[in-house]
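Undergrad: The structure that follows is given in the form of structure tokens.
The values are calculated or read from the model by the stated rules, or taken from the named source; none is laboratory data. In this text, all values refer to a predicted model and were calculated from it rather than measured experimentally. Here Cβ is always computed from backbone atoms with ideal geometry, including for glycine, and neighbour counts include all displayed protein chains.
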Amino acid sequence: IVWARRFASYKRADLVLRDKERFLKMVNNTKYPVQIIWAGKPYPMDYGSVNTFNEIITFNRGRANCATLVGYEIMLSRQLKRGSDVWLNTPRRPHEASGTSGMTAAMNGSVNVSINDGWIPEFARHGENAFVTPTADHTTMDIESIDNFDHENI
């Protein structure tokens, strides 16, 4: 599983870490091993994203199936997209304008697992070429409830 793009708070790089026990069961499963890679670089003045990035690095330090790569330059992006089985996309709706990383990952054969935002509504056929989570009701739910809903469904 790869989550790689520009780090911004609304992209929620840490969404899968909201329930750390559940996350650890997934990455430590010996019968169905999972590896997850985060890659990106937060804008230095986006303190929330810098904090998220640092928390991901700290949490994953020493975990065999987890890696955090600093940067997201063209060559690294190319390698990650060629080698990923699953491209994870976790933006908070309705903030994702496009989602070009998911587009190019799909062109390289990666399956998108995504929140229904950005380019996903135009591309995805759930269960055929992507897996799309149910959509939270943004008119009645607060941000914390939306994040919990999205986490449970990713």
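Undergrad: Any residue in segment 137-146 that is modelled with pLDDT under 95, surrounded by 16 or more Cβ atoms within 10 Å (Cβ to Cβ) and in a loop (DSSP other than H, G, I, E, B)?
TA: No, because not a single residue in segment 137-146 is modelled with pLDDT under 95, surrounded by 16 or more Cβ atoms within 10 Å (Cβ to Cβ) and in a loop (DSSP other than H, G, I, E, B).
Undergrad: Also, quick follow-up: Assess whether residue 18 counts as being under 22 Å from residue 106 (Cβ atoms) and among the charged types (D, E, K, R).
TA: no
Undergrad: To continue, here is another question. How about segment 71-105: which of its residues are in contact (Cβ under 8 Å) with a residue 60 or more places away in the chain and of a type in the set (Ser, Thr, Tyr)?
TA: 72, 77, 84, 90, 101
Undergrad: Now for a separate question. If you go through segment 84-114 one residue at a time, how many are of a type in the set (Phe, Trp, Tyr) and more than 11 Å from residue 130 (Cα to Cα)?
TA: 0
Undergrad: Turning to a different aspect of this structure: So which residues in segment 92-114 are outside any loop (DSSP other than H, G, I, E, B) and either under 13 Å from the mean Cα position of the chain (by Cα) or among the basic types (Lys, Arg) (or both)? It would help to see each step written out before you state the result.
TA: Here is the first cut: in segment 92-114, the residues outside any loop (DSSP other than H, G, I, E, B) are 100-107, 111-114.
Selection gives 101, 102, 105, 111, 112, 113, 114.
Undergrad: OK, next. What pairs come out if I take residues in segment 1-26 that are free of Cβ contacts under 8 Å to residues at least 60 places away in the same chain and pair them with residues that are surrounded by 21 or more Cβ atoms within 10 Å (Cβ to Cβ) and in a loop (DSSP other than H, G, I, E, B) whose C-beta lies under 9 Å away, six or more apart or interchain?
TA: Pairs that qualify, where the first residue is free of Cβ contacts under 8 Å to residues at least 60 places away in the same chain and the partner is surrounded by 21 or more Cβ atoms within 10 Å (Cβ to Cβ) and in a loop (DSSP other than H, G, I, E, B), are 7/13; 8/91; 14/90.
Undergrad: Restricting to segment 106-143, name every residue that is in contact with a Leu (Cβ under 8 Å, 6 or more places away or on another chain) and touching a residue at least 40 places away in the same chain (Cβ under 8 Å).
TA: 113
Undergrad: Go through segment 115-128 and count every residue that is more than 14 Å from the chain's Cα centre (by Cα) and more than 21 Å from residue 78 (Cβ to Cβ).
TA: Going residue by residue through segment 115-128, those that are more than 14 Å from the chain's Cα centre (by Cα) are 119, 121-128.
Remaining after also requiring more than 21 Å from residue 78 (Cβ to Cβ): 121-122, 124-128.
Final tally of qualifying residues: 7.
Undergrad: Given the criterion closer than 19 Å to residue 80 by Cβ, aromatic (Phe, Trp, Tyr) and modelled with pLDDT of 95 or more, identify the matching residue among 59, 53, 23, 7.
TA: Checking each option against the conditions leaves just 53.
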